[in-house]
Each structure stands twice: as structure tokens, then as C-alpha cells.
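Written below as C-alpha cells is the structure these notes are about.
Only the coordinates and a few stated rules stand behind these numbers; no lab work does. In this text, all values refer to a predicted model and were calculated from it rather than measured experimentally. Neighbour counts run over all protein chains shown; Cβ positions are idealised from the backbone, glycine included.
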Amino acid sequence: MQGTTGRPPSDPFAPDCPRCAALCCVALAFDRSDLFAFDKPAGEPCRHLAGHACKIHDRLSAEGFEGCVRYDCLGAGQATVQEVFGGRSWRDEPALLAPMMEAFRTLRRIRDLAQLLEAAARLPLPPGPAARRDALAAALSPPGGWTRETLAAFATGPLPAEIPAFLRTLRDALPRRA
């Protein structure tokens with residue numbers, strides 16, 4: 001689903017498809033709709049995948065895959081492959097497919113939460129909530145980066161619930177609509 005986001009490559013949330021292993025094209029499920037021309041279950045490589053590249057990438061919309069064009073992994077794909085798995089691929093080592101998909105799903109969630117906390121940093125927060133936001137953001141960037149073990153601990157730990165709960169407390173810091 002190698003879409004483009006229009007973000008500069010230096011953006012930490014920008015996908016870098018060549019450094020990925022087409023994880024979105026195998027890990028994600030999609031249903032036949034206006035956005036996808038056929039059904040595909042999670043864990044099954046897309047029929048248009050050749051190696052780590054999409055055979056119809058230059059005509060995704062015309063072929064009925066606008067969902068692929070719109071999808072944005074927020075950089076979770078290349079982080080999974082390069083950081084967590086040291087550049088290894090499920091194509092070369094099929095036993096990596098399940099753990100790579102799990103890591104990809106967890107890193108995508110982490111990237112979603114990090115992006116929300118980054119947006120919260122632009123709010124005029126009092127010192128206490130600002131410090132809490134900074135601490136939560138730091139927890140999403142562990143020293144030494146993410147590993148399979150730290151991702152598993154994140155997925156079963158309190159942060160996936162703590163961060164949305166904290167963000168809900170910031171409603172009062174949002175500008176009021178007229």
C-alpha cells in the first residue's frame with residue numbers, strides 16, 4: 001500500500017517504503033469496497049505484491065485500490081524492518097512473518113499515539129500536563145529503540161490506555177469554537 005504522504009523525508013512519521021518489507025501489503029486486511037477491488041485477509045500477501053514492491057503501484061487508483069494510495073503507516077513499516085528486525089525480511093525468512101506483523105501493528109499504534117502527543121505539544125498546557133505529555137512521549141521512544149521484547153511489554157502494559165486517557169483530559173486546553 002505504498003502511498004505517498006507529501007511529508008518531507010525528514011519527518012519522523014514519513015513512510016519510507018523502500019526500507020520496508022511491504023508489511024502493509026501483507027499484514028493488513030481489506031474488504032472489497034470503493035477503496036479496494038477485492039477482499040484480502042490479514043497475513044496474506046496481496047496478489048499484486050512482487051517481492052517487496054507493488055506491481056500496480058503506478059496505477060493503484062485506476063485499478064480500484066484508492067485505499068492503498070490513502071494508507072499511511074506513519075513510518076511503522078521501515079521502523080519494524082530496520083530497527084526491530086535489523087533489516088531482515090519475512091520474504092527471506094518466512095518464520096519472521098507473524099512476529100513482524102505483530103511488531104508492525106504495535107509500532108503503528110505507537111506512531112498514532114506519538115503523533116497525538118506531538119499535536120498536544122502545540123497546545124498551551126500548564127506545566128503539570130505539559131510535563132506529563134513530555135513523559136508519555138518519552139516513553140514512546142525507549143533508550144536503544146524498540147525491540148520485540150519492548151514492543152510486547154508496551155502492548156500488554158498500561159501506556160496504550162494511559163495516553164488516550166491523558167489526551168481526554170486536555171479538552172479544556174482546546175480553543176473554544178464559537
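Remarks
- Per-peptide average of other Cβ atoms within 10 Å, ordering 84-92, 70-78 highest first: 70-78, 84-92
- Largest GNM mean-square fluctuation across Thr106, Thr156, Thr147, computed for the chain with C-alpha springs under 10 Å, falls on Thr156.
- Vicinal HN-Hα couplings computed from phi for region 129-146 (Karplus, 6.51 cos²θ - 1.76 cosθ + 1.60; Hz; Gly/Pro x): x, 5, 5, 5, 4, 4, 5, 5, 4, 5, 5, 8, 10, x, x, x, x, 7
- Using a Gaussian network model of the chain in which every pair of alpha carbons under 10 angstrom is joined by a spring, one finds that among Leu117, Leu140, Leu125 the greatest mean-square fluctuation is at Leu125.
- Under-5 Å amide H pairs with Ala50, H placed in peptide plane, nonlocal only: Lys55
- Residue-averaged 222 nm ellipticity for the chain, from DSSP H runs of 4+ at -39500 (n - 2.57), nearest 500: -11000 deg cm²/dmol
- Mean-position separation - Cα centroids, region 57-73 and region 11-46, in angstrom: 10 Å
- Label corresponding to Rg/Rh (Cα atoms, Kirkwood Rh) when calculated from the structure given, among (i) 1.05; (ii) 1.01; (iii) 0.96: (ii)
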